[in-house]
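Undergrad: What follows is a structure written as structure tokens; I'll ask about it next.
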Amino acid sequence: MKNFAGKTAVVTGAASGIGLALAEKLARENMQVVLADVEEERLELAVEDLRKYQLRVSGVVADVLVEESIQNLFARAKAEYGNIHMLCSNAGVGANSGPKAIWEVGKKDWDWVMGVNYQGVLHGFQTFIPHMVEHGEESHLMTTVSLAGLLPGSGTYGVSKHAVMALTEAARNDLLARGANVSVSALCPGFVDTNIDKSERNRPGYLTHQDVSLDESGISPVSQLLRRGKQPSEIADIVFEAIKKGIFYILPHPAWDDMLRDRFDQMLSREPLPTPSPDEMARIFTPRDDGESY
């Protein structure tokens, strides 16, 4: 996608973090932007703040878990701005199933993580892609995946992100096969200073259970790494430049390039998988000057 001015973007999970940074970046590039989020109060504050800069933005409360909510988001955005040219499927949650093995995770935890991270993206694709294909104007889809969607051993979160990557790749292939004027990209960040570690605040009541351990203190090792990670604004800048260049795999954290190479080299070796050592398992949590802002 080369031309942005005057076009319309919809960003889910846009009340904070990467979503808010993307919304601001796109608005500053003269796009009309619809911010969507399940957190109504934060969404209103975000929209109000961006409008102070005379940016043309709107807010719609939307729950990506619910297909009808995404359909309402589309209808609202189209009614206000006309054709939609970009969908940033960014809404996502972290997993909080504790130290359970993958086969011990309960249905409600699976429904929560897969529902938001995977089904939420699928709902967006099913709702927005037919419209983009039909109007035929230059358009773009972006999903926020994660390095967890490329690396192994990340629990329910990793499973959901691998699914999102496969879905995004499939959408790109199908759009190309149909000659659609819709480009696609998959954002795979490492640690970013967001509140994804506090996702439980938004878990709906019908998917909660007594086994969930709510650690909202922000002092866990992962929380500390998130707080010290790249800023969402830096990620948004990288995403924008990548979209202009037509890059599919957006990898803003080069510190983990060696881990990606090791993974695919291991596959191609056709050898038995080695047993990971504690040092190898800890690599992803090791600060790297070439990939993070510590």
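Undergrad: Name the residue farthest towards the positive end of the dipole of the chain from the options Met86, Leu73, Ser154, assuming +1 on Cβ of Lys and Arg, -1 on Cβ of Asp and Glu, about the Cα centre.
TA: The Cα lying farthest towards the positive end belongs to Met86.
Undergrad: Let me ask another. Cβ under 11 Å from Phe4's Cβ, Phe4 left aside: what net charge do those residues give with Lys, Arg +1 and Asp, Glu -1?
TA: Every neighbour counted, the sum reads +3.
Undergrad: OK, next. When only C-alpha pairs under 8 Å and at least 6 residues apart count, what is the relative contact order of the chain, in percent?
TA: 18
Undergrad: Once you have the Cα-Cα distance between Leu260 and Asp174, take 0.36 nm times their residue separation minus that, and quote the gain in nm to one decimal.
TA: 28.4 nm
Undergrad: May I pose another question? Express in whole angstrom the spacing between the alpha-carbon centres of the range 121-179 and the range 1-76.
TA: After rounding, the separation between the Cα centres reads 19 Å.
Undergrad: If you place +1 on the Cβ of every Lys and Arg and -1 on the Cβ of every Asp and Glu, how big does the dipole about the Cα centre of the range 8-285 come out, in debye to the nearest 20?
TA: Here the size comes out at about 320 debye.
Undergrad: Now for a separate question. Calculate the tail of P(r) for the range 68-121: the fraction of all Cα-Cα distances greater than 18 Å, expressed in %.
TA: Tail of P(r) above 18 Å: 49 percent of Cα pairs.
Undergrad: Counting only C-alpha contacts under 8 Å and six or more residues apart, can you give the relative contact order of the range 2-75 as a whole percent?
TA: 28
Undergrad: How far is helix 40-51 tilted off the main Cα axis of the chain, in degrees rounded to 10, range 0 to 90?
TA: Helix 40-51 sits at roughly 60 degrees to that axis.
Undergrad: How would Trp110, Trp103 line up from fewest to most surrounding beta-carbon atoms within 10 angstrom?
TA: Trp103, Trp110
Undergrad: Could you tally the net charge around Thr143, taking each other residue with its Cβ under 14 Å from the Cβ of Thr143, Lys/Arg +1 and Asp/Glu -1?
TA: Counting the neighbours of Thr143, the net charge comes to +1.
Undergrad: Continuing with the same structure: Could you list Ser185, Ser139, Ser69, Ser160 in order of exposure, starting from the residue whose Cβ has the fewest other Cβ atoms within 10 Å?
TA: The most exposed by this proxy come first: Ser69, Ser185, Ser139, Ser160.
Undergrad: How long is the gain from Met267 to Ser233 if the chain were fully straight, where each residue apart is worth 0.36 nm and the alpha carbon distance is subtracted?
TA: The span from Met267 to Ser233 would gain 8.8 nm if fully extended.
Undergrad: Can you give the local net charge around Tyr81? Use residues other than it whose beta-carbon is closer than 14 angstrom to its beta-carbon, Lys and Arg +1, Asp and Glu -1.
TA: Local net charge: +2.
Undergrad: For the pair Glu138 and Ser277, how long in nm is the line joining their label points, each one 7 Å along Cα→Cβ?
TA: 5.0
Undergrad: Does the range 228-280 come out rounded, prolate or oblate, given a ≥ b ≥ c as the square roots of the eigenvalues of its C-alpha gyration tensor, rounded meaning a/c under 1.5 and, failing that, prolate meaning a/b above b/c?
TA: Because a/c hits 1.5 or more and a/b fails to exceed b/c, the range 228-280 counts as oblate.
Read the figures in this text as sums done on the coordinates, not as results from a lab. As the structure is a computational prediction, the values presented were derived from the model and not from experiment. Neighbour counts run over all protein chains shown; Cβ positions are idealised from the backbone, glycine included.
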